[in-house]
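The values are calculated or read from the model by the stated rules, or taken from the named source; none is laboratory data. All figures in this text were calculated on a predicted structure; none of them were measured in a lab. Using ideal geometry, Cβ is built from the backbone for each residue, glycine included, and neighbour counts are taken over all protein chains shown.
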Amino acid sequence: MSRKNLLTSITERKLTMVNSAPAPENSTPSLSPAMERNRNRGAFGAITKSIDELAEKAQAAKEFEARLLEGATVVELDPATIDASFVADRMGDDTEAFEELVEAIRQRGQDSAILVRPHPDSEGRYMTVFGHRRVRAARALGRPVKAVVKELDNKNHVIAQGQENSARADLSFIEKAVFASNLERSGYDREVIMASLSVDKTVVSKMISVTNDIPVDVIRAIGPAKSSGRDRWYRLALKFRDGGVEEKVAELTGSPEFQTADSDQRLELLTRHLDTEKPKKKISKSRPKGQAWVPEDKLVSVVAKAQPKGFSLDIRNKDAKSFGEWISSNLESLYEAFRKSEQ
C-alpha cells in the first residue's frame with residue numbers, strides 16, 4: 001500500500017467512526033472494554049475504569065503508529081538533527097510525565113519508533129511528525145532516537161500528527177482547539193482539520209470559536225487544563241464575547257492565587273471571577289478616540305480608530321466611495337510600503 005493510500009485509509013476510518021449514523025433508539029450503546037469490565041464494581045470500579053481506559057488509549061496510540069509505520073525501515077538518528085513540527089500541538093509539557101518517560105527509556109530502551117520527514121527547508125535535517133517527547137528524551141539521555149523517515153507533504157504531515165495525538169488522547173480540549181486554530185491560520189481548510197483531529201465539522205467550528213473569543217495570552221496564562229472539556233472553556237468564551245472583562249481578567253491573572261494554582265484550577269478561578277459581576281459594556285467615552293484626517297480639498301474625511309481586536313477606517317463625504325475603492329485595490333502596495341517603513 002502506498003504512503004498516500006495508507007494515510008487516506010486511516011483518515012477515512014477515523015471520520016467514519018465520528019460521523020456514522022446514530023444508533024436506533026432501542027439499541028444499547030456499546031461500551032469500551034474498560035467500561036464493560038468495571039461498570040458494576042462501584043467506587044473501586046470507577047478507579048480501575050480510569051486506569052484501564054488510560055491503558056486502552058495508550059494501546060490505541062501504539063496500534064495507530066504501527067499501522068502508519070507498517071513495513072517501514074526503522075533507523076537510528078541523532079536527535080540533534082531533528083526539529084519540531086512546523087505546527088505546535090502542545091501547550092507546555094508535564095515535567096513529571098516527561099521525567100518518567102526518560103527513566104523508562106533509560107531502563108528499557110525506546111519501545112516504539114517516531115515518525116519524521118526530511119526537513120523541507122534544511123538539507124540533512126528532519127522534522128518531527130509525531131514523537132516529540134521521545135526526541136527530547138533521547139536528547140536528554142545522549143543517545144540516538146529510533147525513527148521512521150517518510151516523504152510527506154505538509155497536508156499529510158498535519159493529518160498524521162493530529163491523528164496520532166487523537167489516538168493517544170493525551171491532548172486536552174484547548175490544546176486540540178489551538179492546534180485546529182493554528183492549522184486554519186496556516187491556510188488549511190476545514191476538511192484537513194477534521195481529518196487531522198478525527199472530528200466532524202461542528203466540533204471543529206466549536207473549537208475555533210473558543211480560540212477566537214478567548215485572547216491567546218489568556219489561554220497561555222491558563223495552560224492546557226488537562227481535565228477540562230469544551231463546556232468549561234465555552235463558559236469562559238461567552239464572558240469574553242460579552243466584552244468589558246479585560247480589567248477583571250488582568251486583576252485575577254496577576255494575583256498570587258492564580259499564579260500558584262494548577263491549570264484546571266486557573267480556568268475555574270477565572271470563570272468564577274468573571275461570574276461574580278455581570279460585565280459592564282464599555283461606554284463610548286471610555287473607548288479610545290479616533291484620529292481624524294481631512295485633506296486640503298475636503299472631499300473626504302477619515303476617522304481612524306483602534307479597536308480591541310482590530311482597526312477601522314471610517315471614510316465619509318463626497319469622494320468617500322471612490323477613495324475607499326482605491327485603497328482596497330492598492331492594499332498590496334500599501335502593505336509593502338508599511339513593511340519597508342518598519343525596517
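Hey, could you check the stretch 80-96 for residues that are small (Gly, Ala, Ser) and over 16 Å from residue 211 (Cα atoms) and say which is modelled with the lowest pLDDT?
92
Could we say that residue 204 is at pLDDT below 90, among the β-branched types (Val, Ile, Thr) and touching a helix residue (DSSP H, G or I) at 6+ places or on another chain (Cβ under 8 Å) here? No. Annotation: of all residues in the stretch 251-305 being of a type in the set (Lys, Arg) and assigned to a helix (DSSP H, G or I), the one that is modelled with the lowest pLDDT is 285. If the condition is being buried (at least 18 other Cβ atoms within 10 Å of the Cβ) and either under 11 Å from the mean Cα position of the chain (by Cα) or under 19 Å from residue 86 (Cβ atoms) (or both), then the stretch 185-203 contributes 188, 192, 193, 195, 196, 197. Filtering 174, 193, 208 for residues that are closer than 25 Å to residue 218 by Cα, not in a loop (DSSP other than H, G, I, E, B) and not assigned by TED's automatic domain parsing to the domain that holds residue 75 leaves a single hit, 208.
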